[in-house]
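Chemist: Have a look at this one before I ask anything.
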2 protein chains.
Amino acid sequence: MLFTKAFTSQALAAKLESLVDLSTEERSSLGALPIRQVDVPAGELICRAGDQLSSCFIVLEGFVSLSKETAAGTRQITAFALPGDMPDLLGLHLKVANHDLAAITPCRLASVEHSDLRSLCRTFPAIAEALWTSTLVAGSVFEEWVVNVGSRKATSRLAHLFCEMMTRLEALGLARNDVCDLPLTQVHLAEATGLSRIHVNRSLQELRKQELITYTNGRLTIHDRTGLAQMGQFDPDYLHVPRPGWRT
Amino acid sequence: MLFTKAFTSQALAAKLESLVDLSTEERSSLGALPIRQVDVPAGELICRAGDQLSSCFIVLEGFVSLSKETAAGTRQITAFALPGDMPDLLGLHLKVANHDLAAITPCRLASVEHSDLRSLCRTFPAIAEALWTSTLVAGSVFEEWVVNVGSRKATSRLAHLFCEMMTRLEALGLARNDVCDLPLTQVHLAEATGLSRIHVNRSLQELRKQELITYTNGRLTIHDRTGLAQMGQFDPDYLHVPRPGWRT
DNA sequence: CGTCGTTTTGACCGCCTTCAACTATTGTGG
DNA sequence: CCACAATAGTTGAAGGCGGTCAAAACGACG
């Protein structure tokens, strides 16, 4: 890892402002939050479940996976964190991380001391509320994933995941015209959907055959938005993004 | 439903005090929180996904399920709420419920206006922190459920669920000597684990055959704690209860 | 050009689902 | 107190979805 001193990027501020209104004072205090910038190469672990942390991360650039090890040595990915997300904000109040964090792509993170964050929350309740809300949304996404892996068939699970990622990336301005960079290998998809690598491959072929998507070289294109949403039983409400752009 | 005016029971206060230390003033303000008491008969819906609520519930007595409908008309249960839990606290900041709430047993609930709760949080930051923390724990449980339904086999899923419920009920003083009332039908278990009703039945027989549990008439007895924990790959950390009482 | 990770294909097998029927238990009204 | 209905649990048989194993094709990169 490579460390640099810096100040908070726009990523977090943008995220929080999508949840609550911030005054100029709050915005500038947020910008002045002292952070340590951290660069992590692709594939590297950022922290492990059980780690006791005195700071938490903000994703500035890149894709981060949240995962848990299972007995057989396999991983279950429980969520993906994108720029603006704080994948271990839970540690602010609970002290121990309860999942592994790994950089899927090369990532730029900001590390914020819990003490700094806590005093910021004390001074500006609106910021505390925004952070709280962001953890609620994260919880809501976990809950939807329970439904996804618990009750849908392989093609539906993948369709749902693609809809979710497209929606979130659009909200970040990282997708346009139903095209986005989604740098996940089929192994990542398998670990996120609770399927085997091989069955993911075959299910992707099925989605292609039905002309719903193309997905090559980490680039996802959705050809039939409503068709994919139907296949994945996708309803964007649980993501709580302002204007989802999916018609039911 | 049957409504009565009343004041907050000990259930919530006890729950919050397990998460943060409260001053006597905070404790009494919490007790003075105006609530409307609601009694719900077994099997009845409490609210639906998508409802816009101006108040939220505290479970005082009984078992509540959180669930989402899927396309085929089936349900996926995403969590169980026990006394002291606030299963739709999410609505405090996000306005819309994102799951159905249903009374599994006859339930006594307390309904608290969001405005009252919000002003209480504003006056006592420690209470806000405790509530925030409780939502973080709930999120942590969702995350573990993703792992459970995403990566474990039938018997493991059930074993894990039983370990979780036993741990939580113990923390509430509702279990003793590895015995607790767990008023869930096999259909509930199926909906919570993402299995079919029939396979739940057969997996339960397997757990009994291995002399890990008995489970009849809504009463769970764990005969082999470590064996069950191993089968379910259960590690109580994610529940964030003070003293779990499971040896690794 | 060889190496390593990723994707793809084929064959086989098993966990779990589905369908159908039967039993046990609980509750209700005559 | 019994008849009946309704709910919950159990058993059997058949079949499908997806897992596992093995190997080949493909692509990126040094």
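The values are calculated or read from the model by the stated rules, or taken from the named source; none is laboratory data. Since we're looking at a predicted model, the values are computed, not measured. Please note: Cβ atoms are built from the backbone with ideal geometry, for glycine as well, and neighbour counts cover all protein chains shown. To get the accessible areas, we keep the full protein, side chains included, count just its heavy atoms, and leave off ligands, DNA and RNA. Shrake-Rupley method; radii C 1.70, N 1.55, O 1.52, S 1.80 Å.
Chemist: Along the charge dipole of the protein assembly as shown, pointing to its positive end and built from +1/-1 on Cβ of Lys, Arg, Asp and Glu, which listed residue (B:N98, B:V20, B:C163) has its Cα farthest out?
Modeler: Of B:N98, B:V20, B:C163, it is B:C163.
Chemist: Also: Along segment B:134-147, what does the Karplus equation 6.51 cos²θ - 1.76 cosθ + 1.60 (θ = phi - 60°) give for ³J(HN,Hα), rounded to whole Hz, x for Gly and Pro?
Modeler: Each residue of segment B:134-147 in turn: 5, 6, 5, 4, 4, x, 4, 5, 3, 4, 5, 5, 4, 5 Hz.
Chemist: If you find the alpha carbon centre of segment A:118-154 and of segment A:69-89, how far apart are they in angstrom?
Modeler: That distance is 14 Å.
Chemist: Which distances, shortest first and in nm, link B:S54 to the matching position in the other copies, using label points set 7 Å out along Cα to C-beta?
Modeler: 4.7
Chemist: Compute the acute angle (0 to 90°) between the alpha-carbon long axis of helix B:197-209 and the principal axis of greatest extent of the alpha-carbon atoms of chain B; round to the nearest 10°.
Modeler: Helix B:197-209 and the main axis of chain B meet at about 70 degrees.
Chemist: Right, here's the next one. Where in segment A:16-101 are there GluC sites (Glu not before Pro) that are in a DSSP coil and have at most 15 other Cβ atoms within 10 angstrom of their Cβ?
Modeler: Taking segment A:16-101 and a limit of 15 other Cβ atoms within 10 Å, the loop GluC sites (Glu not before Pro) found are A:E44.
Chemist: Under a 10 Å cutoff between Cα atoms, tell me which one of A:S29, A:S156, A:S119 has the largest fluctuation in the Gaussian network model of chain A.
Modeler: Its mean-square fluctuation being the largest, the pick is A:S119.
Chemist: Related question: Which distances, in nm and shortest first, link the B:S23 label point to the same label point in every other copy, taking 7 Å along Cα→Cβ?
Modeler: With the label placed 7 Å along Cα→Cβ, B:S23 yields 2.4 nm.
Chemist: Name the residue, out of A:S23, A:S111, A:S140, whose mean-square fluctuation peaks in a Gaussian network model built on chain A with Cα pairs under 10 Å.
Modeler: Among A:S23, A:S111, A:S140, the largest mean-square fluctuation in the Gaussian network model of chain A belongs to A:S23.
Chemist: Additional query: I'd like the trypsin sites (Lys or Arg not before Pro) in segment A:32-128 restricted to DSSP loop residues with at most 16 other Cβ atoms within 10 Å, sorted by number.
Modeler: Details: sites: A:R36, A:R48, A:K68, A:R75, A:K95, A:R108, A:R118, A:R122; in loops: A:R48, A:K95.
Passing sites in segment A:32-128 are A:R48, A:K95.
Chemist: Taking amide hydrogens as modeled 1.01 Å from N in the peptide plane, which residues meet the under 5 Å criterion relative to A:S55, leaving out close sequence neighbours?
Modeler: HN-HN under 5 Å from A:S55: A:H114.
Chemist: Ok, one more. Per-residue mean of other chain beta-carbon atoms within 10 angstrom of the beta-carbon, peptide B:128-135?
Modeler: Partner-chain Cβ atoms within 10 Å, mean over residues of B:128-135: 5.
Chemist: Within segment B:209-248, which trypsin sites (Lys or Arg not before Pro) sit in a loop by DSSP and count at most 14 neighbouring Cβ atoms inside 10 Å?
Modeler: When the trypsin sites (Lys or Arg not before Pro) of segment B:209-248 are filtered for loop state and at most 14 Cβ neighbours within 10 Å, B:R247 remain.
Chemist: Here's something else I'd like to know. Rounding to the nearest 10 and keeping the result within 0 to 90°, find how far the Cα-based axis of helix A:154-171 lies from the longest principal axis of chain A.
Modeler: 40 degrees
Chemist: In Å², nearest 100, what accessible area do chains A and B bury in total when the solvent probe is 1.4 Å?
Modeler: Details: alone 12280 and 12300 Å², together 21100 Å².
Approximately 3500 Å² gets buried when A meets B.
Chemist: Further question: List every residue whose amide H lies under 5 Å from the amide H of B:E44, counting only residues 5 or more places away in sequence or on a different chain, with H placed 1.01 Å from N in the peptide plane.
Modeler: B:A103
Chemist: Name the shape class, rounded, prolate or oblate, that the alpha-carbon gyration tensor gives for segment A:152-239, where a ≥ b ≥ c are the square roots of its eigenvalues, rounded holds for a/c under 1.5, and otherwise prolate holds if a/b is larger than b/c and oblate otherwise.
Modeler: Working: a/c = 1.41, a/b = 1.29, b/c = 1.09.
Cα axes put segment A:152-239 in the rounded bin.
Chemist: For B:K153, go through the lysines and keep the ones whose alpha-carbon is under 29 Å away, minus same-chain ones fewer than eight residues off.
Modeler: Straight-distance partners of B:K153: A:K68, A:K153, B:K68, B:K209.
Chemist: Rounded to the nearest 0.05, what FRET efficiency is calculated for A:L174 and B:S196 with R0 set to 45 Å and r the Cβ-Cβ distance?
Modeler: Numbers: r = 39 Å, r/R0 = 0.88.
Plugging the Cβ-Cβ distance into 1/(1 + (r/R0)^6) gives 0.70.
Chemist: Helix-only mean residue ellipticity at 222 nm, chain B, DSSP H runs n ≥ 4 weighted -39,500 (n - 2.57), per residue, nearest 500. What is it?
Modeler: Taken over chain B, the calculation gives -12500 deg cm²/dmol.
Chemist: Hey, for B:R219 with labels 7 Å out along Cα-Cβ, what do the inter-copy distances come to in nm, ordered shortest first?
Modeler: Nearest to farthest, the other copies are at 6.5 nm.
Chemist: Using each residue's phi in segment B:41-47, evaluate 6.51 cos²θ - 1.76 cosθ + 1.60 at θ = phi - 60° and report the 3J(HN,Hα) Karplus result to the nearest Hz, with x for Gly and Pro.
Modeler: In residue order, the calculated couplings are x, 4, x, 7, 6, 9, 7 Hz.
Chemist: From the Cα gyration tensor of segment B:47-194, with a ≥ b ≥ c the square roots of its eigenvalues, which class applies: rounded if a/c is under 1.5, or else prolate if a/b is larger than b/c, or else oblate?
Modeler: Note, shape of segment B:47-194 comes out prolate.
Chemist: Hey, another quick one. Using the Cα gyration tensor of segment B:125-199, with a ≥ b ≥ c the square roots of its eigenvalues, what is the shape: rounded (a/c below 1.5), prolate (a/b larger than b/c) or oblate (neither)?
Modeler: Values: a/c = 2.55, a/b = 1.45, b/c = 1.75.
The shape class here is oblate.
Chemist: Short version: ³J(HN,Hα) in whole Hz for each residue of segment A:77-87, in order, from phi by Karplus 6.51 cos²θ - 1.76 cosθ + 1.60 (θ = phi - 60°), x for Gly and Pro, what are they?
Modeler: Those phi angles translate into 6, 9, 5, 10, 9, 10, x, x, 7, 10, x Hz.
Chemist: Considering protein heavy atoms only and a 1.4 Å probe radius, which residues within segment B:138-154 exhibit an accessible-area decrease of no less than 10 Å² in the full assembly relative to the chain by itself?
Modeler: So the qualifying set is B:G139, B:S140, B:F142, B:E143, B:E144, B:W145, B:V146, B:V147, B:V149, B:G150, B:S151.
Chemist: Starting from the Cα of A:K95, draw a straight line to each of the aspartates and glutamates and keep only those under 16 Å, dropping any in the same chain fewer than 8 residues away.
Modeler: A:D51, A:E113, A:D116, B:D21, B:E129, B:D237
Chemist: I've got another one for you. Quote to one decimal, in nm, the extra length available between A:E17 and A:D51 on full extension: 0.36 nm per residue of separation minus the C-alpha distance between them. Numbers along the way, then the final one.
Modeler: Details: separation 34, 0.36 × 34 = 12.24 nm, distance 3.00 nm.
Fully extending the segment from A:E17 to A:D51 adds 9.2 nm.
Chemist: In a GNM of chain B with a 10 Å cut-off on Cα contacts, which of B:H199, B:H99, B:H160 has the highest mean-square fluctuation?
Modeler: Result for chain B, Cα springs under 10 Å: B:H199 fluctuates most.
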